[in-house]
Amino acid sequence: MSASAPSANTSFCDLLAKNPEDMAFECLGAQATRRQLQQAADHLAGYLKSLGIKRGDTICVWLPDGGVWLQLLFSCARLGVLMVPISTRFRQEEALHVVKTANPKLIFVQPEFVNYDYWTVAQEIAQAVPSVEHVIAIERPAELWDASAYEAISVDEGQLNDRLCTFSTSGTTGNPKLAAHTQWGIFHHANNVAIFTDVQPGDPSLCALPLYGVLGFMQAFSALAGGGYCVVMQTFNTVRAAQLIEQHHATHFYGGEGLFDDVMSVPDCSVKSLKVVGFAEFAGRGLEVTEKAWREISVPMTALYGSSECFSIMAGQPRTDDCSARAVPGGKPITPEIAFRVADIDTDVVLPEHERGELQFRGYNVMNEYLNNPQATADAFTEDGWFKSGDLGYRYGDRLAYLSRIKDTLRLRGYLVDPVEIEEFLARHPDVKDAQVVAYRHPERGDVAVAFVRKLADSLNDQALHEHCRAGLANYKVPSYFVFVDDYPRKEGPNGLKILKNKLRDSAQAIVIHAIESERKV
């Protein structure tokens, strides 16, 4: 048996077996022990079975985080059922896409949450998707749902190779795909992450990110795997997050670097109980915030790497490194069972150390499939079985460095350029707040770079930025056009706001075409 193969007597519910009388979660004052969560899940599995749900079926869960969300996942594991979470930020058309893709038999919803009528919308979605047989209302999702009237299913009817949960891809350039993972993949990775992040029995983990997102999900289930417990936030509030860390003496926190900067900056709250703060860099401030956290509260923030398809926290930087090393997005795979390589974007030929290419992966952590999308699944793998991440990076030693999404990279005058390099250089100008650089691929001129800039001084103009870039960048890296903006188009994601590069590319296209047409008229 290989190191990543499950033993015959392993159960997904073993995640709750350690210290059964210890707390499993706390949410809005509701709490339960690990034993209570498992028992409630077994009775809920009995309820699902009474509705005709069986191994291989699918349900959708459109609920805020809390006891019921956790309870449902363990119930699905018992039965061998696939659970498809829907973001509570989604509205009707977005949720409809997920439900149509999933073809579930049931949808669980809280009737009303944050002033949105989920119940009516879910009923309308059910009318549009023939597979949906029931829409089930959960009035208090923070608590465990009482299904004690139904016979508990305490023996696994599912198997570890059954699909258990999906995670949506970002969907910033179209409808999201649903990356499906098996019980074994989730169980094994949760245990590996618990070891990597030093979760000890009784450790409280502040779960500030939603469970439907892969980083929030893996934080919660690695906490349970290590014998810790989850302090669940249904809606994020910076001050409340800091207060909960202080109240519970929380040890683990994950999110974007800007999110943690906000939390540790809350006055009159101490977050020094934290021993692990993992971050995904969204705002280009990783090193700045890492240095601040170490300087002010002695917390070793650590860059992480992962995705919906390959799990979050599949790689990370060691907490013992200095700030500059800990802040590099990427890191070393958390177990030798996760393999990576860097390959040429066009040919899949494996590249040497430090050469930029696509990050590709193989291991137990890679998704089972894109749910009900066989073409996308086939396209996501190389001929020799490696998952094509779509991420640009390079290898250094036994670690990977993530640079950007390949679709965001630029090929300027034949050279492959990471836009972050230009963005960071622009931000060095004293009158620049930050910048985003994209390109429009003109049929005659190739990629034409456009920089969208938020400025700090009204007097700043494009000539000054041209001169600034020419003084410090290779000529081919200097953007052809500079556009000043108040903000960038954004979309709320499970880990925070994401800048919509595709919208910027649409704007860049219009700018470049108009400029070239004007040049020709002259």
- Message: For the chain, take the longest principal axis of its alpha carbons; what is the angle in degrees between that and the long axis of helix 286-297, to the nearest 10 within 0 to 90?
- Response: 60 degrees
- Item | Within the range 187-222: backbone nitrogen closer than 15 Å to the N19 label point (7 Å, Cα to C-beta) | 194-195, 198-206, 222
- Query: Counting only the backbone N, which residues of the range 410-434 are under 20 Å from the spot 7 Å out from the Cα of E291 toward its beta-carbon?
  - Reply: 420-434
- Message: Given points 7 Å out from each Cα along the Cα-Cβ axis, report the N461 to R445 separation in nanometres with one decimal.
- Response: 2.1 nm
- Message: Tell me the per residue accessible area of the range 213-256 using a 1.4 Å probe; a whole number in Å² is fine.
- Response: 24 Å²
- Query: Using r as the Cβ-Cβ distance of T235 and D268, and R0 as 25 Å, what FRET efficiency do you calculate, to the nearest 0.05?
  - Reply: 0.70
- Query: So if R0 is 25 Å, what FRET efficiency would E424 and D346 give, r being the distance between their Cβ atoms, rounded to the nearest 0.05?
  - Reply: 0.40
- Message: Could you tell me the calculated FRET efficiency between R35 and S298, based on Cβ-Cβ distance and R0 = 51 angstrom, to the nearest 0.05?
- Response: 0.90
- Query: By how many degrees, between 0 and 90 and to the nearest 10, does the Cα long axis of helix 501-521 differ from the longest principal axis of the chain?
  - Reply: 20 degrees
- Query: Want the number for Q92 to I516: 0.36 nm per residue separation, take away the alpha-carbon distance, what's left?
  - Reply: 148.6 nm
- Task: Holding the Cα-Cα limit at 24 Å, pick out from K501/K521; K272/K455; K18/K275 the pairs that are longer than that.
- Result: K501/K521; K272/K455
- So, in nm, how far is label V485 from label Y415 when the simple model puts each one 7 Å beyond its Cα toward the Cβ? 2.5 nm
- For the range 355-434, rounded, prolate or oblate, judged on the Cα gyration tensor with a ≥ b ≥ c (square roots of eigenvalues), a/c < 1.5 rounded, else prolate if a/b > b/c? prolate
- Item | Å² of accessible area per residue within the range 1-104, as computed with a 1.4 Å probe and no ligands counted | 35 Å²
- Query: What shape does the range 148-229 take by its C-alpha gyration tensor, where a ≥ b ≥ c are the square roots of the eigenvalues and a/c under 1.5 counts as rounded, a/b above b/c as prolate, and the rest as oblate?
  - Reply: oblate
- Query: Share of antiparallel DSSP beta bridges in the chain, in percent to the nearest 5?
  - Reply: 60 percent
- Item | Positive-pole candidate from P300, V417, I125, dipole of the chain, charges at beta carbon | V417
- Give me the number: length gained by fully extending N9 to A474, i.e. 0.36 nm times residue separation minus the C-alpha to C-alpha distance, one decimal in nm. 161.4 nm
- If you roll a 1.4 Å probe over the heavy atoms of the protein chains, what accessible area per residue do you get for the range 112-196, in Å²? 47 Å²
- Task: Mind sorting out which of [x] 20, 50, 26, 4, 0; [y] 20, 43, 26, 11, 0; [z] 21, 54, 22, 2, 0 is the real P(r) over Cα pairs in 20 Å bins from 0, in percent computed from the coordinates?
- Result: [z]
- Local electrostatic count, H43, Cβ distance below 11 Å [Lys/Arg +1, Asp/Glu -1]: -1
- Taking a threshold of 30 Å on the Cα-Cα distance, which of the pairs K477/K498; K177/K433; K433/K491; K292/K407; K54/K388 fall above it? K177/K433; K292/K407; K54/K388
- Item | MRE, 222 nm, helices only [DSSP H, n ≥ 4, -39500 (n - 2.57), over the chain, to nearest 500] | -9500 deg cm²/dmol
- Relative to the Cα centre, what is the charge dipole magnitude of the chain, using +1 at the beta carbon of each Lys and Arg, -1 at the beta carbon of each Asp and Glu, and rounding to the nearest 20 debye? 500 debye
- Item | Degrees, to the nearest 10: 462-472 long Cα axis against longest axis of the chain | 90 degrees
- Task: Before anything else, pin down the relative contact order of the range 1-102: Cα pairs under 8 Å, at least 6 apart, normalised by residue count, whole percent.
- Result: 24 percent
- Query: Which shape class, rounded, prolate or oblate, goes with the range 392-432 when its Cα gyration tensor gives a ≥ b ≥ c as root eigenvalues, a/c under 1.5 marks rounded, and past that a/b bigger than b/c marks prolate?
  - Reply: oblate
- Note on the structure: Long-range amide H partners of V432, meaning residues 5 or more apart or on another chain whose placed amide H is closer than 5 Å, are L456
- Task: Just the number, please: carbon plus sulfur as a percent of the accessible area of the chain, 1.4 Å probe, no ligands or DNA/RNA counted.
- Result: 47 percent
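The values are calculated or read from the model by the stated rules, or taken from the named source; none is laboratory data. Since the model is a prediction, treat every value here as computed from it, not as a measurement. When we count neighbours, we look across all protein chains shown, and the Cβ atoms used for this are built from the backbone with ideal geometry, even at glycine. Side chains included, ligands, DNA and RNA excluded: accessible areas come from the protein's heavy atoms. Shrake-Rupley method; radii C 1.70, N 1.55, O 1.52, S 1.80 Å.
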